[in-house]
Each structure stands twice: as structure tokens, then as C-alpha cells.
Amino acid sequence: MSKLIVSDLTCQRGYNELFSNLSFELNAGEILKISGANGSGKTSLLKILAGLNSAESGKLSINNNKVGSYDYQSDILYLGHLPALSPELHCKENLDYLTQLNNSNSNQELDNALKNVGLKNFEYEYAANLSAGQKRRVVLSALFVTQAKVWLLDEPFTALDSNGINVIETQITKHCDDGGICILTTHQECNLPGLRILNL
Amino acid sequence: MNIFTKTLTRDLKMSLRNPSSFLNPLLFFVIAISLFPLAMSPDSHTLSNIAPGIVWVTCMLSVLLSLNALFHYDYDNGVLEQMVISHHSLPLILLAKTISHWLLTGLPIILLSPLLGMTLFLDDKSIYVLMLTLLLATPSLSLIGAIGASLIVGIKNSGMLLSLLILPLYIPILIFATSAVSQSQFNLPINGQIYFLASILLISLMASPFVSAIALKTSLD
């Protein structure tokens, strides 16, 4: 059973303190939406949780594994603002490498993941030729392959149509039903059961 | 397939699909060297005397030209972030990227060097030594360059900064490599220079992936 513990986290960017002494716990199956105005530190919080940025002070752990450790980093999947796709690679090659950086996968799983996000015949299409929404779908198809327990999703619904949003919401719900944890930021209304909200 | 092989094949695949990324520095290398006989005296004695310096300075500048692209595109599209937070060893991923850079920059320079050496009237033995110095030192250029490239990864228009950071570290390589080729032209022993180049390669091979990883994490923080 996964458990994420954040205690007394303080984040400062330049001379601005974005948040201080932030503490919360998430147990298996919980979904947390981080909300707040632009510049309130939502993305910074996700990047700190992902181990990409460091906090001024505070502690965070997943199942007592500290951030930066092998176990912590293999437990998380972070999908940020940037597409994480290389234009010279096919959708499938991009997804393959992205998931390889997180967890292993099989060829069949990649095909299924792309099919699940509505990109069945786009496996061998170069990422450079995709629309913004399609690029987002390719990145989010990693959610169907990864074995990470804690998902950190920064504005996952940006550029998606309503059908795409439904597919991702269903996958997030399934992940949490299976004992996973999801933390996301979004300015859109989302239809996720048992959603907790953290205001920054 | 492990992450090292995966990263190496991915980077090679990406570069081969976008050939200008590695052909431009190579073209610069060939064009710059072939202009020297036109700009200076076509006399074989003069050219063969300055050939080691011409080839090595041009080689360094062409490697420097290609270094900006080492992490830049992966940074721009967010793949670098994924590499940094991955549970896989970041130094191993960066080593794979650096080897891919050498395979597409250093190796073609080594393969082209006999032809360019001949245009500068280098004798057979000196061409062999030139290739040996390039074989020992171009990997060091890529490895040391990776440290500089990871330090400036988030900075826009940082070409000049990269040169200022990296060129001082390239100077010992330049001195030993050109000295080896020059001495071989006079049939003098070159063991000392070759040992120095080999030790620089070993040190940079051991240190560069770890230093680059720390620099990259600091740059992205």
C-alpha cells in the first residue's frame, strides 16, 4: 500500500516564497487536485515532488523512501508542461523511451496504450507531424503502460478534447482503484470520485 | 535492452533523421582545412609544418560547434527532465548521449583526417600519428564538452559562454596532440604525449558522466 508523506515543505523562487510549511499525506487510492492562481506554486510543488527541483526545507517520502532514492524515483511518474516528445521519433518510439525511463514495457503494451488514447494508426507517425492535442495524447498514453504508483500530472487536460479528457479521467480513477495515488494540477473542472483539493 | 543501449540508439536514430545536426560541424571541418592551402602558400613544406595545428584547431572548433545540440533539444522538449527524474543512473544516460555525440562527430573526423592530412602534405607516419591522437583525444573533447553543455543547458544564446568554459580545458589536449604530430614529422619519440592524451581520456571518461549529471541537476533546479 503506497503512502506519500509531505511535511513542512517550503518553496522559494527568487525572492518570492511560494508556499511554506506545507504538509499533507496521501494514502493509496487518493486523488489530490492542487489548485491556486497562476504563479502560486502548483508546478513548483509537482517538480519538488518529482525530485526535479529542491525545496528550501521540508521532507517528503513515499513508503519511507526519501526523494532522490532509487525506490522513490521508480515509484513516480511525472508528466509536466513540456511534451517530452522528440520530433524526429515516431509516436511509438517516443512512448517506448519515455516509459523505459520510468518502467519497463512490452511492444504489445505500447500499441494498446496508443490505441487507448485514440491513436491506433499513429504508431509510426513522427511526433513533429502531430497536433498539440495528439502530442498530449501520446504523452498521456504512458499512463496505460507505467507501473509507477504515484502519478504527478501537470495540467494533463490541456489541449485535449472532451473525449480525451474522459479517457484520462477513467484511467486515473482505475489507477487509484488499484491502489495508486494521483496528484494533478488543472484549471478545468474534473470528474474524479473522492477528489481532495489543496489550495495554494 | 538496458537504458544505456536504448539512449544510445535513440540519439543515433534522432541524429541520422536530422543529419544537419552532425553534418554541419563536419562540413566546417573539411571546408576550413581545405581553405588553408588557398589562403596561405601552397608550398608543401610550409603546409606540412603547420598541418598539425590546422587539423587540431579546426577539429576542436567543429566539436565545439556541435556541443550546443548535445542537451539543447532534449531540454527544450522536456525529455531531459524525464532523464533527470528517472530511477535509472543519470551518469549512464549521459555517457550514452556523449558516446553518440562522439560517434557522429569525433569518429567521422578521424576517418576524414587521412584525406585532409594528405592535402596538407603530411607524410604517412604523421598521418598515422594524427589519427592516433584524434582517436585518443576526440572522445575527451566530447566528454569534457558534455560538462560544459550541461552547465549552460537552460541559458539562451550561450554559445560564447560554452566556448569560454570549455576551451581552457581543451588547451592541454591541443598542446599534446599537435606536439605528437609535429615530433613524428622529425622522427622524434611521441610516447610522452600519447600517454598524456590517454590519461586525459581515462580521467574524463571516469569523471565526466558524474560531473555532467551534477551540473545538469543544478541547471534544471
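Do we find that B:Pro37 is surrounded by fewer than 22 Cβ atoms within 10 Å (Cβ to Cβ), within 27 Å of B:Leu169 (Cα to Cα) and more than 11 Å from chain A (Cβ to nearest Cβ) in this structure?
No.
For region B:59-69, which residues satisfy the criterion of being part of a helix (DSSP H, G or I) and more than 14 Å from chain A (Cβ to nearest Cβ)?
If the condition is that a residue be part of a helix (DSSP H, G or I) and more than 14 Å from chain A (Cβ to nearest Cβ), then B:Cys59, B:Met60, B:Leu61, B:Ser62, B:Val63, B:Leu64, B:Leu65, B:Ser66, B:Leu67 are the ones that fit.
Output the helices (runs of 4 or more DSSP H) that fall wholly within region A:7-119 and possess 3 or more residues being out of contact with any helix residue (DSSP H, G or I) (no Cβ under 9 Å at 6 or more places or on another chain), or say none.
Helices (runs of 4 or more DSSP H) meeting the threshold: A:42-50, A:70-75.
Residue-wise test of (1) polar (S, T, N, Q); (2) under 23 Å from B:Lys217 (Cβ atoms).
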position	(1), (2)
A:Ala28	no, no
A:Ile34	no, no
A:Lys42	no, yes
A:Ser57	yes, yes
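Considering only residues that are touching an Asp or Glu at 6+ places or on another chain (Cβ under 6 Å) and more than 10 Å from chain B (Cβ to nearest Cβ), which ones fall in region A:81-109?
Across region A:81-109, the qualifying residues are A:Cys91, A:Lys92.
Hey, A:Leu101 hits all of (1) crowded, with 20+ Cβ neighbours inside 10 Å; (2) under 18 Å from A:Ala159 (Cβ atoms) but one; which does it fall short on?
Result: A:Leu101 fails condition (2) only.
Which residue out of B:Leu141, B:Leu174 is touching a residue at least 60 places away in the same chain (Cβ under 8 Å) and buried (at least 23 other Cβ atoms within 10 Å of the Cβ)?
Working: B:Leu174 fails: buried (at least 23 other Cβ atoms within 10 Å of the Cβ).
Of B:Leu141, B:Leu174, the one residue that is touching a residue at least 60 places away in the same chain (Cβ under 8 Å) and buried (at least 23 other Cβ atoms within 10 Å of the Cβ) is B:Leu141.
Going residue by residue through region A:110-129, is there one that turns out to be within 14 Å of another protein chain (Cβ to nearest Cβ), within 25 Å of B:Ile93 (Cβ to Cβ), without any contact (Cβ under 8 Å) to a residue 12 or more places away in the chain and small (Gly, Ala, Ser)?
No.
Whether any residue in region A:82-96 is basic (Lys, Arg) and buried (at least 19 other Cβ atoms within 10 Å of the Cβ) is what I want to check.
yes
If we keep just the residues of region A:150-184 that are hydroxyl-bearing (Ser, Thr, Tyr) and within 22 Å of A:Ala50 (Cα to Cα), which is surrounded by the fewest Cβ atoms within 10 Å (Cβ to Cβ)?
Quick first cut of region A:150-184, residues hydroxyl-bearing (Ser, Thr, Tyr) only: A:158, A:162, A:170, A:173.
If we keep only those that are within 22 Å of A:Ala50 (Cα to Cα) too, we end up with A:158, A:173.
Values: A:Thr158: 13, A:Thr173: 16.
Looking at the filtered set, the residue picked out is A:Thr158.
Determine whether region B:104-121 contains at least one residue that is within 14 Å of chain A (Cβ to nearest Cβ) and hydrophobic (A, V, I, L, M, F, W, C).
Residues of region B:104-121 that are within 14 Å of chain A (Cβ to nearest Cβ), as a first pass: B:104.
Still in the list and also hydrophobic (A, V, I, L, M, F, W, C): B:104.
Within region B:104-121 (the criterion being within 14 Å of chain A (Cβ to nearest Cβ) and hydrophobic (A, V, I, L, M, F, W, C)), the answer is yes, since at least one residue qualifies.
Across region B:2-17, which residue is surrounded by the most Cβ atoms within 10 Å (Cβ to Cβ) among those that are within 9 Å of chain A (Cβ to nearest Cβ) and of a type in the set (Ser, Thr, Tyr)?
Out of the qualifying residues, it is B:Thr7.
In this structure, is B:His45 closer than 24 Å to B:Met206 by Cα, part of a helix (DSSP H, G or I) and not small (Gly, Ala, Ser)?
For B:His45, the condition - closer than 24 Å to B:Met206 by Cα, part of a helix (DSSP H, G or I) and not small (Gly, Ala, Ser) - is not met.
For region B:70-89, name all the residues that are more than 8 Å from chain A (Cβ to nearest Cβ) and surrounded by 19 or more Cβ atoms within 10 Å (Cβ to Cβ).
B:Leu70, B:Phe71, B:Tyr75, B:Leu80
If a residue has to be in a loop (DSSP other than H, G, I, E, B) and of a type in the set (A, V, I, L, M) to count, how many in region B:166-187 make the cut?
Total meeting the criteria: 0.
Looking at (1) assigned to a helix (DSSP H, G or I); (2) surrounded by fewer than 24 Cβ atoms within 10 Å (Cβ to Cβ), can you tell me which one B:Gly117 breaks?
For B:Gly117, the failing item is (2).
Give region B:188-221 a look and list any residue that's part of a loop (DSSP other than H, G, I, E, B) and touching a residue at least 24 places away in the same chain (Cβ under 8 Å), or say none.
Taking region B:188-221 as the starting set, the residues that turn out to be part of a loop (DSSP other than H, G, I, E, B) are B:188-190, B:221.
Answer for region B:188-221, where residues must be part of a loop (DSSP other than H, G, I, E, B) and touching a residue at least 24 places away in the same chain (Cβ under 8 Å): just B:Ile190.
Does B:Ile155 qualify as being hydrophobic (A, V, I, L, M, F, W, C) and buried (at least 23 other Cβ atoms within 10 Å of the Cβ)? Steps first, please.
On the way: hydrophobic (A, V, I, L, M, F, W, C): yes; buried (at least 23 other Cβ atoms within 10 Å of the Cβ): no.
Spelling it out, it is not the case that B:Ile155 is hydrophobic (A, V, I, L, M, F, W, C) and buried (at least 23 other Cβ atoms within 10 Å of the Cβ).
All of the numbers you see were taken from the coordinates with simple rules; none came from a lab. Everything numeric in this text was worked out from a predicted model, so none of it was measured. Every residue, glycine as well, gets a Cβ built from its backbone with ideal geometry; the counts of neighbours run over all protein chains shown.
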